[in-house]
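The values are calculated or read from the model by the stated rules, or taken from the named source; none is laboratory data. Owing to the predicted nature of the structure, the values given are computational and were not obtained by experimental measurement. Quick reminder, even Gly has a Cβ in these numbers, built from the backbone with ideal geometry, and neighbours come from all protein chains shown.
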Amino acid sequence: MRRIGIVAVATLSVATLVLVPSLNASATSTSIRIQSVVATTLNPVMPIVRLHFNTPVHASQLPALSIRPALATKWQQISSHEVQAVATGKFQPLVGYTVLTPATMRCAKSCTFTSLRALHTNVATNVTWEEQLLAEAGYLPVRFTPAITQSDPSIQSVGTFTWLYPSLPKLLSTLWQVGSDNVLVTGALMTFQSQHNLPTTGIADPVTWSALISAVQDGQVDPAPYNYVSVSESSPETLTLYIAGQAKFHTLVNTGISVAPTALGTYPVYLRYTSQTMSGTNPDGTHYNDPGIPWVSYFNGGDALHGFIRSTYGWPQSLGCVEMPFASAQTVWPHTPIGTLVSINA
């Protein structure tokens with residue numbers, strides 16, 4: 001995912017020139033030259049464009065800045081020869097914008113832009129804003145508290161994030177970092193996408209952004225508790241299921257053998273089946289085909305949590321999956337929807 005766009009400015013070195021006939025009959029015959037500087041990525045707290053004139057101009061004389069899709073802006077005076085435009089409307093995340101910045105104009109009581117340069121720019125994904133929205137909607141194990149209460153909670157705000165579940169393993173909190181893309185954000189976004197019938201990519205595309213903002217504005221929250229699965233490869237191998245931050249279920253499991261190990265790390269569940277036929281190749285080159293494998297939750301490539309009949313549990317026996325007794329797998333499966341994080345620990 002994506003992501004934090006660092007706001008910078010660059011001159012319009014590559015642009016399309018559009019000639020605009022003057023609509024002001026009283027305009028002077030002298031053309032005013034304009035140097036335009038525009039943000040390479042748009043950000044609600046930074047100016048969109050700055051204009052420098054070769055003669056004094058007052059911001060109140062200027063026509064509105066033209067942006068497509070439409071975005072409300074206002075001019076601010078910086079100096080006698082310079083103004084800047086800031087957004088007063090809401091940006092659409094990840095949407096491309098065309099900013100028509102002026103190159104020349106004529107002025108009398110008011111000014112008219114006589115030529116425009118079209119620059120294409122966009123709003124980069126902002127991970128901190130994404131985390132704010134996901135936390136407000138209850139998809140993360142953190143709470144977001146804005147410094148100033150906004151009438152619209154979906155507006156990006158300055159605030160603090162606090163960890164909600166001290167009983168969860170320390171590992172999970174070490175993976176969390178404000179403003180940085182991390183597996184907690186990916187898993188939370190996948191859960192949100194799944195619940196809203198969107199492709200569960202874990203990437204904040206424009207459709208997901210729009211749905212997430214709407215959900216926060218409407219006060220919608222995750223209807224399920226925050227669940228987490230921790231698997232230990234220490235002998236005996238075990239799985240612990242956390243529901244709403246509390247350890248609620250333990251079971252012995254089998255992880256991968258040395259030639260087909262279960263990779264260490266934390267991964268989001270991305271695919272699930274109540275029952276599936278599993279087939280493939282054994283390390284010795286023979287093939288297997290096992291029908292009716294129950295309660296399957298894939299979390300990393302071909303590795304999945306699932307039920308499997310063995311004479312014993314608690315030591316490496318699988319080809320990378322986390323095997324459990326059927327009854328244990330049936331207990332765990334309802335609590336591992338798409339986006340649930342699974343940690344494999346040494």
Among the residues in region 48-56, are any loosely packed, with under 13 Cβ neighbours inside 10 Å, farther than 14 Å from A118 by Cα and modelled with pLDDT under 50? no
Can you name every one of the helices (runs of 4 or more DSSP H) wholly within region 159-250 that holds 2 or more residues which are β-branched (V, I, T)? 183-195, 206-217
Out of (1) over 22 Å from L172 (Cα atoms); (2) assigned to a strand (DSSP E or B); (3) within 36 Å of the chain's Cα centre (by Cα); (4) without any contact (Cβ under 8 Å) to a residue 60 or more places away in the chain, the odd one out for S297 is which? (1)
Going through region 71-97 in order, the residues found to be loosely packed, with under 14 Cβ neighbours inside 10 Å and closer than 15 Å to T121 by Cβ are G96
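Go through region 114-132 and give me each residue that's of a type in the set (S, T, N, Q) and at pLDDT below 90.
Our first condition is that a residue be of a type in the set (S, T, N, Q); within region 114-132, this holds for 114-115, 121-122, 125-126, 128, 132.
Listed by number, the residues that qualify are T121, N122, T125, N126.
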Quick one: what pairs do we get from region 57-68, first residue farther than 24 Å from Y97 by Cα, second aromatic (F, W, Y) and outside any loop (DSSP other than H, G, I, E, B), C-beta under 9 Å, 6+ apart or different chains? S60/W75
Exactly one condition in (1) in a loop (DSSP other than H, G, I, E, B); (2) more than 22 Å from T200 (Cα to Cα) is false for T277; which is it? (1)
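Take region 201-213 and flag every residue that is farther than 18 Å from I155 by Cα and surrounded by 21 or more Cβ atoms within 10 Å (Cβ to Cβ). Don't jump to the end; show me each part of the working.
Pass one, region 201-213, residues farther than 18 Å from I155 by Cα: 201-203.
Within region 201-213, just G202 meets the criteria.
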